[in-house]
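Participant: Handing you this structure, nothing more for now.
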Amino acid sequence: MFLRAISLASSLRNRLGKTQDSILTGLLGGFIGTVFMDLSNELIFRAGKTEGRYATTAGQMFVSPLRTKQKKNFVLGEILHLATGSIFGLPLMFILKKTGKDHSVAKGLVTSILSWGVLYTGGQKIGLYKKNRLTKSHYSAMFNNVIYGVTAAKTMITIADPAIFENRKQKNSNTFNSKGEYNYLIGTNMNTDQETPTYLH
């Protein structure tokens, strides 16, 4: 499943080119992560290992649980779930941008825990939608959220321009030295392959 997600991300990158906007990257990564999360949920639901699908769960935000299986309400719930998953890609993108793209799986798992705790567990606690009764449904939800986090992280790294993940401190032209004095970048050494800054105190 992860390989299919990476393949889809590569195809998207080839069509659109490398994304240079972190918000767009986060939204696209979250969207693709949600798509594979829903595919996982559907397979588990058909195997009888969970009580419901995310589209019917999200649909309860608009209609009663008994009406969520109607096609028009199911589609409405699916749209809401895809939109929510896309938005939850933004915190993950922020983490990757601030800390770098190394250990992306671990960082994706952080988002998995966040989305599982806030949306699934928290939503049931405050009564946004009907609670699942069976323990296997909770394990299924946790597994699906892991699929989401890891897939979203891998997608973002695949489609994003590498410059998005560069350390901004290294890109800053104006810095402070070890004495706390402000340095102004006034030139670079053009005789080497790597730019060497010259500072004026």
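Participant: Check whether at least one residue in the stretch 79-98 is at positive phi and modelled with pLDDT under 95, and report yes or no.
Facilitator: No, the stretch 79-98 has no match at all.
Participant: Does LYS136 satisfy the criteria of being modelled with pLDDT of 85 or more, buried (at least 16 other Cβ atoms within 10 Å of the Cβ) and among the charged types (D, E, K, R)?
Facilitator: It is false that LYS136 is modelled with pLDDT of 85 or more, buried (at least 16 other Cβ atoms within 10 Å of the Cβ) and among the charged types (D, E, K, R).
Participant: Tell me, which helices (runs of 4 or more DSSP H) wholly within the stretch 17-94 include 2 or more residues that are in contact (Cβ under 8 Å) with a residue 24 or more places away in the chain and within 21 Å of VAL110 (Cβ to Cβ)?
Facilitator: So the answer is 22-46, 71-87.
Participant: Considering only the stretch 115-136, state which residues are among the basic types (Lys, Arg) and touching a residue at least 40 places away in the same chain (Cβ under 8 Å).
Facilitator: Residues satisfying the conditions are LYS130, ARG133, LYS136.
Participant: Does ILE113 qualify as being part of a helix (DSSP H, G or I) and either surrounded by fewer than 18 Cβ atoms within 10 Å (Cβ to Cβ) or modelled with pLDDT under 90 (or both)?
Facilitator: Yes: the conditions hold for ILE113.
The values are calculated or read from the model by the stated rules, or taken from the named source; none is laboratory data. The model shown is predicted, which means the values in this text are computed figures rather than measured ones. Reconstructed Cβ throughout: ideal geometry from the backbone, glycine too, with neighbour counts over all protein chains shown.
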